1. If you scan the stretch 7-51, which residues turn out to be open to solvent by 40 Å² or more (accessible area, probe 1.4 Å), part of a loop (DSSP other than H, G, I, E, B) and within 11 Å of Leu93 (Cβ to Cβ)?
2. Do you know which residues across the stretch 114-123 are assigned to a loop (DSSP other than H, G, I, E, B), crowded, with 16+ Cβ neighbours inside 10 Å and either in contact with a Ser or Thr (Cβ under 7 Å, 6 or more places away or on another chain) or at pLDDT below 90 (or both)?
3. Name every residue in the stretch 124-143 that is within 20 Å of Ser73 (Cα to Cα), in contact (Cβ under 8 Å) with a residue 60 or more places away in the chain and open to solvent by 40 Å² or more (accessible area, probe 1.4 Å), in order of residue number.
4. Given the conditions (1) surrounded by 16 or more Cβ atoms within 10 Å (Cβ to Cβ); (2) modelled with pLDDT under 95; (3) under 23 Å from Ala33 (Cα atoms); (4) not β-branched (Val, Ile, Thr), and given that Trp108 satisfies all but one, which numbered condition is not satisfied?
5. Can you tell me which residue in the stretch 61-101 is least open to solvent (accessible area, probe 1.4 Å), limited to those that are out of contact with any strand residue (DSSP E or B) (no Cβ under 7 Å at 6 or more places or on another chain) and under 17 Å from Phe38 (Cβ atoms)?
Amino acid sequence: MTQTMPAIGDIAPDFTLPQDGGAPISLSDLAGAPVVLFFYPKDNTPGCTTEALDFTALLPEFQALGVHVLGVSKDSLKKHENFRTKHALGIPLLSDAEGDVCERYGTWGEKKNYGRTYMGITRTTFLIGADGRIAQVWEKVKVKEHAQAVLDAARELVG
């Protein structure tokens, strides 16, 4: 059962997930700094690759603002490592293999594509403030220029 997506102003649900090539990351460990948390359906697909490359390209600007950028999908750590290597990605990719975090963020649900209905991750991005509250949500993201829009919102949030 898919849970309701957290709304602007809600405390972001905490989590601990393994990351490719590194120690697990907990949202609570990043407290005091803004976080971009983008959920994407699948490694090495066109839209997901573009999104990850766009966030990687803008990573120095996010870092200059003190903003962490994390990608989340249900793919395995091995798939994440291959994805990162193939595309020289600079952002941590977290594996939510069990789908618990996707459920708590309301990004797991019914999707339709070419007349087929199935369960999957809805491309969604959350901007979480340094106070741990959801500052902005982008649902059903269209990849083109999305990372730049998130960076602009992060700049506004940080001031």
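1. Passing the criteria: only Gly21.
2. Within the stretch 114-123, just Thr122 meets the criteria.
3. Gln136, Glu139
4. Here Trp108 clears every test but (3).
5. Residue satisfying both the conditions and the ranking: Leu89.
The values are calculated or read from the model by the stated rules, or taken from the named source; none is laboratory data. The model shown is predicted, which means the values in this text are computed figures rather than measured ones. Backbone-built Cβ (ideal geometry, glycine too); neighbour counts: all protein chains shown. Keep in mind that these areas ignore ligands, DNA and RNA; they rest on the heavy atoms of the full protein, side chains included. Shrake-Rupley method; radii C 1.70, N 1.55, O 1.52, S 1.80 Å.
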